[in-house]
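Quick notes on the structure that follows.
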Amino acid sequence: MIERVRPEVDAGRFPAKRVVGEACIVSADIFKDGHDQLAARVRYRGRGEGEWSYVAMPYDPDADRWAGAFLLDRIGEWRFTVEAWTDSFATWVSGLEKKVAAGQDVALELLEGGEIIERAARACKDRAVRASLTQAATTLRDTTAPVAERAREALDPGLLALITQHPSRDDLTEYSRQLLITVDRVRAAFAAWYEMFPRSQSGSPKRHGTFADAERQLPRIAQLGFDVVYLPPIHPIGDAFRKGKNNTLEPLPDDVGSPWAIGSKEGGHTAVHAQLGTLADFEHFVRRASELGLEVALDYALQTSPDHPWVREHPDWFRSRPDGTIQYAENPPKKYQDIYPLNFDNDPEGSYAEMLRIVRLWMDHGVRIFRVDNPHTKPVSFWHRLLAEVRQTDPDVVFLAEAFTKPAMMHTLAKIGFGQSYTYFTWKNSKQELYEYFSELRDAAAYMRPNAFVNTPDILHAYLQYGGPAAFKIRAVLAAMLSPTWGVYSGYELFEHVAVRPGSEEYLDSEKYQYRPRDWAAYEPGGPREGQSLAPYLTRLNVIRRAHPALHRLRNLRFHWVDNSEIVCFSKREPLPGGGEDVVVTVVNLDSHGTREGNISLDMPELGFDWHETFAAHDELTGQTFHWGQFDFVRLDPAVEPAHVLTIHRLGT
């Protein structure tokens, strides 16, 4: 019986996800009737390989599980399954050892052993090994030799090693399914994102920014330690029903509208907004980002303005109302008259071909990461097909699902191929909410990769509106340490926190509808607002993340007990390639207004220690070092520092 194989997603219907360079640990419950010893192995192969490779699965008596690991050394699709068989020789050796130790006659046992070795010899394809096994079988069955001498030959470690490598596998049993693993590049699972509107980068509230203006911000973003710079749609914006400042329905002549209202007489999804520049300017922006170690993510929003060329050329791609008008987007009570959703039902093949063409066009212009707007409002079958087709030719391309919807849909989008997923993190602020939600995300980490944005142009949570500067620190620490991938929307480092009205999560003077230039130089050393920016803190968090492999994973997240409802404590632990382990413990005060104290009880084995041991805990934020053990006391003043990010070291190291 081979059961509970991991990783396995929905009985093998969907692939599990890993990143290149990671070891894929395969585990299973394997058992059979009786007391015979068993053996098992993983059979696997990577993309384009014709031959299978194998790795043994040792049995772990503590976990009562079998497990083996193989290295995922390239991106693409991998396959694996589990095989098991009765280890007849090991079973026989175990019995022989006991009988010899008890002084019993083992003459018959030696004859039985000879038969087992002979079967292994017949199954072996290696001529030299087959000859050695045949000779061993003959020796054990030589009744003219003393029994004690034959028994010593039978228990020789060299013979055991040889036959372990070349068993007969008489009752070889294969798991009922071959399972899939999608192996992505590292940035699909570990990255820090920075969202920026290029049109706000001119430095003037009256001039539309260009790609060249935005390019001048790239060194600052790279210095903050971010990996990905994400741009909202860069296409022409429609004039019909254009929204004015703060989402008003009566725009002024100079209002620029929402970038998500895509399309005008200048073109649609394959065109660039003329005031931003040209396609060549965009390509230059992408190249400059790459030189700085940044990658550009582009918004992929499958919707249009009423002025989009598709409205004239493909009216059947939209949904019509009884009065003949096209249905605009709504999220009652919100109305988006400037945006038309697409209808994929009337011409599924024609619309699919065009949507795929759009992706490939921007791929040709250097984009390898797409942030997909509202994918849950399009057919799942459409995404399943498109993502699979792109992956066939370009497995390095990453798609982030911006789907704030029901959990079942979010999980399904992850299973069918989205490499990352937006989360409910912005609305999870209490200790219980954080523990429960990130435990759920951790348990889904085989296929779902969360991207924990602390804010977005649409989401300014009340916690940030009223929490003061400490609230921005707290949320940044939580996102950066809990999730391998996190992100900020520009302005977060300046503590932007004013909502358009009480009870709203929309920013006042939202950048979605107007320019929002920021005087970054004023916050630099020597500037009039030096020291008033969160930029150095964000930089420090990103430096810590890059330096500690434990923070590159979600499956290793563990929560620890604290007796204060406003203090959270969690850890991550990861083995290092050269030996040893990387262990990070994070403690955060969730109360941005008041000092909180608490007693922590650490699960020491989760940190790699025995219960009685102690260790050095070095705070990567303050430089302090503490002497900790299982029980520890913390006092966190948010006005000074609301968190500990502790790297754990054995005393004396």
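The values are calculated or read from the model by the stated rules, or taken from the named source; none is laboratory data. Since this is a predicted model, take the numbers as computed values, not measurements. Don't worry about glycine lacking a Cβ; one is built from the backbone with ideal geometry, like all the others, and counts go over all protein chains shown. Each accessible area value is taken on the protein alone, full model and side chains, heavy atoms only, with ligands, DNA and RNA left out. Shrake-Rupley method; radii C 1.70, N 1.55, O 1.52, S 1.80 Å.
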Would you calculate, for the chain, the mean residue ellipticity at 222 nm contributed by helices, counting each DSSP H stretch of 4 or more residues as -39,500 (n - 2.57) and dividing by all residues, to the nearest 500? -8500 deg cm²/dmol
Determine ³J(HN,Hα), in whole Hz, for all residues of region 31-36 in sequence, where each value follows from phi through the Karplus function 6.51 cos²θ - 1.76 cosθ + 1.60 and θ = phi - 60°; x replaces Gly and Pro. 7, 7, 5, x, 10, 5
What is the set of long-range amide H partners of residue 600 at a cut-off below 5 Å, with H atoms built 1.01 Å from backbone N? 632, 633, 634
Order by protection proxy (mean Cβ within 10 Å, highest first), peptides 411-417, 545-551: 411-417, 545-551
Considering only the other residues whose Cβ falls under 13 Å of the Cβ of residue 85, what net charge follows from Lys and Arg at +1 and Asp and Glu at -1? -1
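Keeping the other protein chains in place, figure out the carbon and sulfur percent of the accessible area of region 525-620, with a 1.4 Å probe.
On the way: 2030 of 4170 Å².
Summing carbon and sulfur atoms, their accessible area is 49 percent of the total for region 525-620.
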What's the angle, to the nearest 10 degrees (0 to 90), between helix 407-416's Cα axis and the longest principal axis of the chain? 70
The relative contact order of region 550-653, taking Cα pairs under 8 Å that sit 6 or more residues apart, comes to a percentage of 28
Calculate, for the chain, the solvent-accessible area per residue in square angstrom, rolling a 1.4 angstrom probe over the heavy atoms of the protein chains. 43
How far is helix 380-393 tilted off the main Cα axis of the chain, in degrees rounded to 10, range 0 to 90? 70
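Within region 312-374, what whole-number % of the accessible surface is contributed by carbon and sulfur, with the 1.4 Å probe and all protein chains included in the calculation? Present the calculation step by step, with values, prior to reporting the outcome.
On the way: 1640 of 3330 Å².
Looking at region 312-374 in its full context, I get 49 percent from C and S.
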Along region 19-30, Karplus-curve 3J(HN,Hα) (6.51, -1.76, 1.60; θ = phi - 60°) to the nearest Hz, with x for Gly and Pro, reads 10, 4, x, 8, 8, 8, 8, 9, 10, 6, 8, 10
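Under the definition of Cα pairs under 8 Å and six or more residues apart, what whole-number percent is the relative contact order of region 80-156? Walk me through the numbers before you get to the answer.
Values: 57 pairs, mean separation 23.6, N = 77.
Averaging sequence separation for qualifying contacts and normalising by length gives 31 percent for region 80-156.
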³J(HN,Hα) across region 237-253 via Karplus (A = 6.51, B = -1.76, C = 1.60, θ = phi - 60°), whole Hz, x for Gly/Pro? 10, x, 9, 5, 6, 4, 7, x, 4, 6, 6, 6, 8, 10, x, 8, x
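Give me the percent of the accessible area of region 87-155 that comes from carbon and sulfur atoms, probe 1.4 Å, all protein chains in place. Write down the numbers at each step before the final one.
Details: 1970 of 3920 Å².
The computed percentage sits at 50.
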Compute the distance from the alpha-carbon center of region 363-384 to that of region 90-147, in whole Å. 62
What is the helix-to-structure angle for 468-482, meaning the angle in degrees between its Cα long axis and the longest Cα principal axis of the chain, kept from 0 to 90 and rounded to the nearest 10? 30
How big is the chain in terms of Cα radius of gyration and Dmax, in angstroms? 30.4, 108
Quick one: which residues, 5 or more positions from residue 191 or on another chain, have an amide H under 5 Å from its amide H? H modelled 1.01 Å from N in the peptide plane, none for Pro or chain starts. 485, 486
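Applying a 10 Å radius around every beta-carbon, put 471-480, 202-211, 254-263, 83-92 in order of their mean neighbour count, most first.
Numbers: 471-480: 24.8, 202-211: 16.4, 254-263: 22.4, 83-92: 20.2.
By packing density, highest mean first, the sequence is 471-480, 254-263, 83-92, 202-211.
So which of 265/335; 415/473; 428/512; 17/428 end up more than 28 Å apart, counting from Cα to Cα? Walk me through the numbers before you get to the answer.
On the way: 265/335 24 Å; 415/473 33 Å; 428/512 24 Å; 17/428 25 Å.
Flagged as over cut-off: 415/473.
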Where the centre of each part is set by its Cα atoms, how far does region 447-519 sit from region 522-591, in angstrom? 18
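Where does each of 529-537, 563-571 land if you order them by average Cβ count within 10 Å, highest first? Before the final figure, lay out the partial values.
Numbers: 529-537: 14.3, 563-571: 19.1.
Answer by packing, highest mean first, reads 563-571, 529-537.
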